[in-house]
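Input: a single structure, listed below in structure tokens.
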């Protein structure tokens, strides 16, 4: 059984734990509410304190204790947050697990989940009652010693004796989504999570007049830590399940507007999906901070969304593109409040050679380091130099569960992302391992995807580019389309012509696939490795 690695950074005992922060906030605003719209449920902060304490007592009865990892498999409902804070009260680490995509996904899902259970040394797995009914005996096959129903734990009559929990101990074991590689277990301490929440709170001046809203899954870092930041501030929190957005983005937007929420968290593809929504009748003037992250942010998406919903009161300065990653808990850079999005125009070809010169390729500015965080380009390279983005700060993990060291010799986190700084502003260029090199020419896949995705007939944001070696070295484009089969040949030609014209790529193949068939992570990002596997079938 794997054990959580020791945490190399020391934290003073005066710094609170997750449950201590919740208890303090609930003492001042016990009747503040967290609404789970898709689940038709709600919790007051006082009820979250009481129910998470009962769940902790129930878990302790089943042998959970300090140093353990508690798996959590639940939708965006009360049981998810109850389990996170119950784990905190016990001195155990909560390990959120992705939900199955559906009944057809259960075999592959079981293999993926069993891998995480084994890697984390998980002995206890908490399931929502509905998921336990759905999975049945399959849940026991994941490998945890005890599979426990969340409702039964909350209804426990056991009492929990007060215990001291070290803020430097693991609070959350966050497995990365695996969009470009196999998932890794990121160990985050109480101190990491609270430092991240404090950074966000200061960066966006979060206060009592705000309200948080999100449809992102709570098992994803952007969903979980954005929500916890809202809770730690004592503001109203509104949560939906991801399906509510995916099935009908326009309806979700109307429900969001009705809550008068001021803060939201979404990846870039969501803004593309919302372009079909009708702005008439919406009131979006309360929307103060619109976080855009978790994937490449496209200036065209940002501009189109702003123009579409300006008549409904959406202000351009509300759009808040940022940079972050699970290894930094959540966020590393954000733009200053009240600033409209900044776009840099650079030469596409020169950028692939590591040089930043004026051109026509647009790159979104992602702001400066948030309070408590530092950002640099590898080795402290000067402004205008492309290199690996490196981070340092209180919210940065001490390491991975498998002991892999992601740090430079002088203590900076190597992100695996390429970018450059200009006047302290971060611009993202691509992933180190994703650069496509074909016949000696370097190309960022995002550039190929942007060109292919602009062709009429390609589903917006549903396109993947990757390098292929067989039967010869070339770039493969895989795009979703709803066009009838009779139009596919012409569409493939149109995509190839546009990509070749814009990027000068000669070795290119285009593959079309049905809507919603490209593999995506649980947060909605396209999975390049899984897409490559599709081509090999």
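Does residue 485 satisfy the criteria of being surrounded by fewer than 20 Cβ atoms within 10 Å (Cβ to Cβ) and modelled with pLDDT under 90? Give the derivation first.
Details: surrounded by fewer than 20 Cβ atoms within 10 Å (Cβ to Cβ): yes; modelled with pLDDT under 90: yes.
Answer is yes for this residue.
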Within the stretch 255-282, restricting to residues that are in a loop (DSSP other than H, G, I, E, B) and in contact with a strand residue (DSSP E or B) (Cβ under 9 Å, 6 or more places away or on another chain), the one that is modelled with the lowest pLDDT is 267
Hey, any hits in the stretch 19-38 for a residue that's surrounded by 20 or more Cβ atoms within 10 Å (Cβ to Cβ), under 28 Å from residue 402 (Cβ atoms) and either touching a helix residue (DSSP H, G or I) at 6+ places or on another chain (Cβ under 7 Å) or at pLDDT below 95 (or both)? yes
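Name the strands (runs of 3 or more DSSP E) wholly within the stretch 151-251 that hold at least 3 residues that are under 30 Å from residue 280 (Cα atoms) and in contact with a strand residue (DSSP E or B) (Cβ under 8 Å, 6 or more places away or on another chain)?
Details: elements: 170-175, 185-189, 212-214, 237-239.
Result: 212-214, 237-239.
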Specify which of the listed residues (161, 182) is within 20 Å of residue 91 (Cα to Cα) and modelled with pLDDT under 95. 161
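Can you tell me how many residues within the stretch 256-272 are surrounded by fewer than 19 Cβ atoms within 10 Å (Cβ to Cβ) and in contact with a helix residue (DSSP H, G or I) (Cβ under 7 Å, 6 or more places away or on another chain)?
Taking the stretch 256-272 first, the residues surrounded by fewer than 19 Cβ atoms within 10 Å (Cβ to Cβ) are 258-260.
Then keep just the ones that are in contact with a helix residue (DSSP H, G or I) (Cβ under 7 Å, 6 or more places away or on another chain); that gives none.
Here the count works out to 0.
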Restrict the check to the stretch 193-209 and report whether at least one residue is in contact with a helix residue (DSSP H, G or I) (Cβ under 8 Å, 6 or more places away or on another chain), buried (at least 24 other Cβ atoms within 10 Å of the Cβ) and over 26 Å from residue 392 (Cβ atoms). no
What is the number of the single condition among (1) in contact with a strand residue (DSSP E or B) (Cβ under 9 Å, 6 or more places away or on another chain); (2) within 25 Å of residue 227 (Cα to Cα) that residue 299 does not meet? (2)
Whichever residue in the stretch 488-526 is farther than 16 Å from residue 459 by Cβ and within 28 Å of the chain's Cα centre (by Cα) and, among such residues, is modelled with the highest pLDDT: 521
Hey, residue 285 within 23 Å of residue 172 (Cα to Cα), in contact (Cβ under 8 Å) with a residue 24 or more places away in the chain and either outside the structural domain of residue 76 (by TED's automatic domain parsing) or part of a helix (DSSP H, G or I) (or both) or not: no
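Quick check on the stretch 288-313: of everything there that is assigned to a loop (DSSP other than H, G, I, E, B) and at pLDDT below 95, which residue is surrounded by the most Cβ atoms within 10 Å (Cβ to Cβ)?
Applying the first criterion (assigned to a loop (DSSP other than H, G, I, E, B)) to the stretch 288-313 yields 288, 293-298, 313.
Still in the list and also at pLDDT below 95: 293-298.
On the way: 293: 24, 294: 28, 295: 18, 296: 21, 297: 22, 298: 23.
Here the residue is 294.
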Failed item in (1) farther than 25 Å from residue 184 by Cα; (2) surrounded by fewer than 21 Cβ atoms within 10 Å (Cβ to Cβ), with residue 319 passing the rest: (2)
Restricting to the stretch 453-482, what's the tally of residues that are more than 22 Å from the chain's Cα centre (by Cα), modelled with pLDDT under 85 and either on the phi > 0 side of the Ramachandran plot or part of a helix (DSSP H, G or I) (or both)? 1
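The values are calculated or read from the model by the stated rules, or taken from the named source; none is laboratory data. Small disclaimer: the values here were computed from a predicted structure and weren't measured. All Cβ positions, glycine included, derive from the backbone under ideal geometry; neighbour counts span all protein chains shown.
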